[in-house]
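J.: I'd like to ask you about the structure that follows.
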Ligand code: BTN
């Protein structure tokens with residue numbers, strides 16, 4: 001297993017992209033104790049004090065056809081959720097890229113793809129005893145807050161990589177669709193979902209062949225490929 005760990009980086013995703021271009025192998029891990037410009041989805045930043053969290057990126061050269069790459073963030077979410085389960089922590093996937101424990105966000109995933117590689121960036125709150133108040137409806141939590149235990153970021157990154165590479169060895173993502181669906185948050189409730197273009201209200205009914213969310217709304221079934229915000233409204 002190739003692991004590149006740094007005291008500080010601008011963003012592990014950027015370093016992973018650079019190494020991928022140089023030919024780094026499938027499954028290579030790029031991690032940092034601190035990021036100067038950690039990125040989240042939708043232009044947000046990912047801020048984490050040194051030693052408090054897991055900040056790593058995994059370079060993937062998936063055997064799955066490119067049309068299925070939409071499954072990769074969800075597969076990473078499943079890998080992380082299965083790892084948390086080993087520590088008896090039940091988690092759910094907030095489609096498409098967050099992991100929630102007890103309704104609070106413990107980790108986020110940022111996938112970025114180029115021609116032949118996918119970079120999966122994972123930010124997870126590990127050892128924080130307290131977390132700053134945030135405006136968003138989904139509050140953050142950490143592994144320590146939920147379990148009273150601390151974790152070592154490097155060894156957790158290794159375990160996560162193993163779990164993810166194992167899941168990606170499935171012949172097709174469609175073989176793990178029902179396992180991922182089972183882990184989705186808010187299947188039993190009405191949700192509000194905002195995309196670049198619209199806001200929808202409805203009920204999650206499934207995952208399409210490319211990882212898109214199937215949402216039953218008053219005007220029929222919608223297939224959602226990306227979302228800025230999802231929240232339960234009942
Ligand atoms: C999100 O919740 O919006 C996704 C957050 C992803 C953060 C991780 S930390 C490691 C990797 N490097 C980055 O710059 N971002 C991801």
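J.: Could you work out the percent of alpha carbon pairs in segment 96-234 separated by over 23 Å, rounded to a whole number? Each step should come with its number before you reach the end.
T.: Details: 4241 of 9591 pairs.
Summing the P(r) tail past 23 Å for segment 96-234 gives 44 percent.
J.: Quick one: the Cα spread of segment 20-101 along its three principal axes, in angstroms, biggest first?
T.: Per principal axis, max minus min of the Cα coordinates gives 32, 30, 26 Å.
J.: While we're on this one: Taking Cα pairs under 8 Å and at least six residues apart, what relative contact order does segment 148-234 come out at, in percent? List each step's numbers first, then the result.
T.: Values: 102 pairs, mean separation 20.0, N = 87.
Here the relative contact order equals 23 percent.
J.: For n ≥ 4 DSSP H runs only, could you compute -39500 (n - 2.57) per run for the chain, divide by its residues and tell me the 222 nm figure to the nearest 500?
T.: Numbers: 5 runs with 53 residues, N = 234.
The helix contribution divided over the chain gives -7000 deg cm²/dmol.
J.: If R₀ is 22 angstrom, what is the calculated FRET efficiency for the pair residue 137 and residue 196, using the beta carbon separation as r and rounding to 0.05? Numbers along the way, then the final one.
T.: Working: r = 20 Å, r/R0 = 0.90.
For residue 137 and residue 196, the calculated efficiency is 0.65.
J.: Taking R0 as 25 Å, what's the FRET efficiency between residue 158 and residue 8 from their Cβ-Cβ distance, rounded to 0.05?
T.: 0.80
J.: Moving on to the next point. Using 1/(1 + (r/R0)^6) with R0 = 25 angstrom and r between the beta carbons of residue 217 and residue 182, what's the FRET efficiency to the nearest 0.05?
T.: Values: r = 23 Å, r/R0 = 0.90.
After rounding to 0.05, the efficiency reads 0.65.
J.: Name the most mobile residue of 193, 131, 168, meaning the one with the largest mean-square fluctuation, in a Gaussian network model of the chain with Cα contacts below 10 Å.
T.: Answer for the Gaussian network model of the chain: 131.
J.: What residue among 21, 196, 139 has the largest mean-square fluctuation in a Gaussian network model of the chain, using Cα springs under 10 Å?
T.: 196
J.: Working only with C-alpha atoms, what are the Rg and Dmax values of segment 190-232, expressed in angstrom?
T.: 9.3, 24
J.: Please report the orientation-averaged projected area of the chain, defined via the convex hull of its C-alpha atoms, in nm². Don't skip to the answer; put the middle values down first.
T.: Values: hull surface 48.9 nm².
Dividing the Cα hull surface by four gives the mean projection, 12.2 nm².
J.: Can you give the Rg to Rh ratio of segment 94-162, both from alpha-carbon atoms, with Rh computed by the Kirkwood formula?
T.: Numbers: Rg = 13.5 Å, Rh = 13.3 Å.
For segment 94-162, the value is 1.01.
J.: Considering Cα pairs under 8 angstrom that are at least six residues apart, work out the relative contact order of segment 190-232 and quote it in whole percent. Show your work: numbers first, answer last.
T.: Values: 81 pairs, mean separation 17.4, N = 43.
It comes to 40 percent, rounded to a whole number.
J.: Here is a follow-up. Given Cα pairs under 8 Å that are at least 6 residues apart, what percent is the relative contact order of the chain? The partial results should precede the final answer.
T.: Working: 477 pairs, mean separation 39.9, N = 234.
Relative contact order of the chain: 17 percent.
J.: Most fluctuating residue of 209, 33, 87 in a GNM of the chain with Cα springs under 10 Å: which is it?
T.: Of 209, 33, 87, the most mobile in the Gaussian network model is 87.
We did not get these values from a lab; they are worked out from the coordinates using the rules stated. For clarity, every value in this text was computed on a predicted model and none was experimentally measured. No Cβ is skipped: glycine too gets one built from the backbone with ideal geometry, and neighbour counts run over all protein chains shown.
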